[in-house]
Structure formats: C-alpha cells, structure tokens
Amino acid sequence: MAANASLYKSHKMASPHEIPNDLLINQCQIQKWNSEEVFVYVLNLTWILARTIFDLGLRYSGDMILAVLVILLIYSTYKAYFSPIVYIRNLTEIGFEHVPYLKGVDGAMHLTLAQKNRQLGYKIPSPYPNGWYAIAESYELKIGTVQTATALGLNFCVYRGEDGVARVVDAYCPHLGANLGIGGEVKGNCIECPFHQWRFDTEGKCIHIPDVENIPKGVSIKTWETMEVDGAVWIWYDAEGRPPMWKSPPHEDSKDYGYRGRNEFIISAHIRMSFLTNTEWNRTEDWHIAEMKIDQSYMMMSCDIFPFNVVVKQIGPAQVRLFFNSKLGPMVVYQSITPIGPMLLKVVHRVYSPSYIALFGAVMVYGEAYQTHVSSPPFVKPDKAVKAFRDWYSQFYSPNSKSMKDALQNPLEW
Ligand code: FES
C-alpha cells in the first residue's frame with residue numbers, strides 16, 4: 001500500500017484509483033512478443049537440438065544404423081509374408097509428366113488433350129487382338145462381391161457366385177441400362193440389377209422380375225467366357241465371335257508359391273509393343289505361345305555376383321509368364337496386358353515365390369514404355385527379335401478385328 005501510494009505520488013495523481021498512462025504502456029510492452037527475441041530463442045533452441053542429435057548420432061551411430069536396418073527388415077518381412085505389396089503408377093506419372101498444368105484443377109482436361117494430340121502413327125493394327133484379357137484381380141473378388149471393369153473399350157460387371165466361380169456379364173442392364181457392376185447384388189450364382197431387381201442366371205437369362213409372373217422371352221444379358229489363372233479373372237475376346245481357341249492351365253510348379261504383391265502401370269502404348277528388343281523370340285509347339293530366354297548377371301569387379309536367368313512365355317496377345325531362376329531360388333511373375341481403350345494399357349505384374357525367398361519375391365519387376373507405333377520400322381540387326389515377335393503376334397488378328405480408327409470413334413476419355 002505504501003509503495004502504491006508513493007507511486008501515485010510520483011505521478012502526481014489526483015486519485016489512487018486512476019492509473020497513469022505511461023505505466024499502462026509499460027505493462028503492455030512487457031506482455032507483447034518481441035520478434036527479435038523470439039527469433040533468437042528459436043535459433044538457440046534449434047542449435048541445442050541439432051547439437052544434441054549430432055552428439056547422440058556420433059556416439060551411437062552404429063546402433064542407430066543397426067536399428068534402422070532391423071526396422072526395415074521387420075517391415076519388409078511383414079510386407080512379404082503378411083501384407084502383399086501393391087504398387088500403382090498412373091498415366092500422369094508415366095509418359096505425360098511433361099504436360100503443363102497436369103497437377104492443376106484442369107489436370108484431367110490437359111491429359112485428355114495431350115492424349116488426343118499425340119501422334120499415333122499410320123497403318124496401325126487393331127488395338128484389340130483376339131485372346132484372353134485380365135479384367136479383375138482374383139484376391140479382390142471375394143464370394144458375393146460385384147465389381148465393374150473397363151477393357152477393350154467395353155464395360156463389364158464381374159462377380160463371384162456362391163459356388164466360388166468368377167463370372168462376367170455386360171455391365172448394362174437390358175431393362176433400362178443400369179450398371180450392374182455398381183450396386184448389383186449376387187443372388188446365389190445369379191446377378192441382380194440394382195434398379196428394379198431383374199435377376200440374370202449364369203447363362204445371362206433373365207429368370208426373375210419382381211411382381212411379374214411371365215418373364216418375356218429372350219430377355220437376357222451377354223455373358224463372357226472366363227478363366228481364372230495367374231491371380232486374375234480373364235475374359236475371352238474374339239472379333240469373329242468364336243469360342244476360346246485355348247485356355248491356359250495353371251502353372252503347376254508354382255501352385256505352392258505365396259503371393260508377394262503386384263504392381264500396376266497405366267501406360268499409353270499399343271498392345272503389340274515389345275519391351276525386349278535384343279532377345280530372340282521362338283515359336284513353340286503351341287501356336288499361341290512364344291518363348292524367349294534371358295541370361296542376366298550382375299558384375300562387380302569382374303565377378304558375376306548374381307547370375308540369374310529368365311524364361312519368358314507369351315501366351316496369346318495379353319498374357320505373359322516370367323520364370324526367374326537364381327541361386328536364391330525360383331520366382332514367377334505373371335503379367336497381364338489389358339487394353340482399356342485404344343493406345344491405353346493396364347499392365348499388371350503379380351509376383352509369387354516360395355516362402356523361403358519371400359523377401360526376394362517382394363522385389364517388384366516393372367517396366368515402363370511410351371511410344372508411338374511405326375508400321376514398317378527400319379529394323380537393324382539387334383531389332384530382329386521385334387520383327388519376329390510382330391510376325392508371330394499378327395496371328396491374333398482376324399478380318400473383323402476392330403480397326404484403330406473404329407476404336408477411336410468412341411474413345412474413353414481420360
Ligand atoms: S434397369 Fe435393371 S432392372 Fe431396371
């Protein structure tokens with residue numbers, strides 16, 4: 001009280017209840033952040049932290065490296081054995097990264113424009129040769145589930161019935177055109193439309209319409225011939241409407257291998273492209289299978305530290321099996337190439353290996369390509385494999401194979 005009294009006195013105040021202005025200002029200044037002080041404080045704090053981390057790192061560097069390696073090993077082992085890797089790269093990441101404004105709000109529009117303006121080449125063969133095409137992943141299609149799929153410029157409904165068989169029908173309902181792949185329901189082994197619950201059996205025939213006793217004759221939906229191998233559901237496509245000319249039996253040697261994951265690439269290329277140009281393709285006894293062998297080695301100081309060989313089997317236009325053999329053990333990669341639309345491919349690799357080399361199996365095999373089509377390229381000697389491959393591949397075309405021009409009449413917009 002005495003101190004307050006003297007304070008009021010020194011400011012010549014009339015009343016002890018009035019607070020002098022300069023005192024108010026001083027109090028405000030004490031509470032205000034001083035930016036310079038904050039900067040110095042943060043700088044000091046950062047320096048102390050950096051020094052501490054540096055000192056600790058110096059003292060325990062060996063332990064820390066070991067800890068990181070152990071964590072990486074545990075994570076990789078977990079992924080390899082219990083949680084297969086899924087690695088996806090999209091069109092915006094392969095071949096079109098140079099397109100300006102791709103990441104902006106109008107990115108999709110710029111991508112479509114870039115695709116449209118792309119020079120396709122001339123005398124380009126059909127984008128949809130005859131053969132089997134993967135349109136769904138087996139492990140994703142559980143019993144009772146329905147999916148929609150796009151391939152060959154068409155839309156499909158894929159479902160798995162109670163009997164465990166994967167089936168494929170046209171996506172659009174013959175009643176009023178609802179997409180069965182979106183909201184459709186599996187009833188036993190039949191598929192039911194989400195709009196008015198028309199039900200179609202395994203032959204595609206309409207067998208049930210709510211509140212209707214006499215179902216009109218001929219009401220049906222197109223069903224597609226399917227097979228399920230290599231971790232995928234495949235449909236048979238033939239421009240002449242012929243039944244399947246072959247079916248791929250499962251690869252027996254790898255039936256006990258574990259699934260290690262898959263990678264997926266959306267690329268802008270023609271399906272007849274060949275990734276490997278300097279290796280010999282050979283026809284086999286089966287007209288629809290071509291084969292090649294690749295010997296690979298990793299050299300270090302003139303020492304072949306990791307020799308391995310790969311046998312590649314191309315089965316029809318869109319199915320490839322790659323058998324790896326190394327000192328570590330065998331591994332198989334199943335590749336499917338699905339043309340979503342003209343010059344737009346979905347390439348998937350599904351990796352399988354014995355459990356004792358699960359970590360090795362988890363290493364993805366992938367390839368990227370973006371090219372135009374040249375109908376009669378000036379082949380040089382190392383390119384002869386490409387020519388041999390193209391000659392073999394031409395047998396998957398038939399008189400009614402859809403031309404690139406026709407396919408482009410109704411391109412899917414991406
Ligand atoms: S649209 Fe499919 S039942 Fe009506």
Would you please state which residues of the range 210-241 a label at Asn189 would reach in this model, taking the label point 7 Å out along Cα→Cβ and a backbone N cut-off of under 16 Å?
223-228
Within the range 159-259, list the trypsin sites (Lys or Arg not before Pro) lying in a DSSP loop whose Cβ has at most 10 other Cβ atoms in a 10 Å radius.
Lys217, Lys255
Return the whole-Å distance between the Cα centroid of the range 139-179 and the Cα centroid of the range 327-362.
24 Å
Using the number of other C-beta atoms within 10 angstrom as an exposure proxy, rank Val312, Val165 with the fewest first.
Val165, Val312
If the limit is 21 Å between Cα atoms, which of Lys313/Lys346; Lys222/Lys255; Lys222/Lys402 go over it?
Lys222/Lys255
Length gain on complete extension for the stretch Val38 to Lys255, per 0.36 nm per residue less the alpha carbon to alpha carbon distance?
71.6 nm
Can you list the residues of the range 150-168 with backbone N under 20 Å from a point 7 Å past the Cα of Ile215, pointing along Cα to Cβ?
157-168
For Tyr75 and Glu140, calculate 0.36 nm times their separation in residues minus their Cα-Cα distance, and state this gained length in nm to one decimal.
21.1 nm
Once the Cβ-Cβ distance between Gln409 and Lys205 is put in as r, and R0 is 35 Å, what FRET efficiency do you end up with, to the nearest 0.05?
0.65
What is the extension gain from Arg242 to Leu66, computed as 0.36 nm multiplied by their sequence separation minus the C-alpha to C-alpha distance, in nm to one decimal?
57.3 nm
Cα-projected label distance for Phe82 with Leu176, points at 7 Å along beta-carbon direction, nm
4.9 nm
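We did not get these values from a lab; they are worked out from the coordinates using the rules stated. All of these numbers come straight from a predicted model, not from anything done at the bench. Ideal geometry is used to build each Cβ from the backbone, glycine not excepted, and the neighbour counts take in all protein chains shown.
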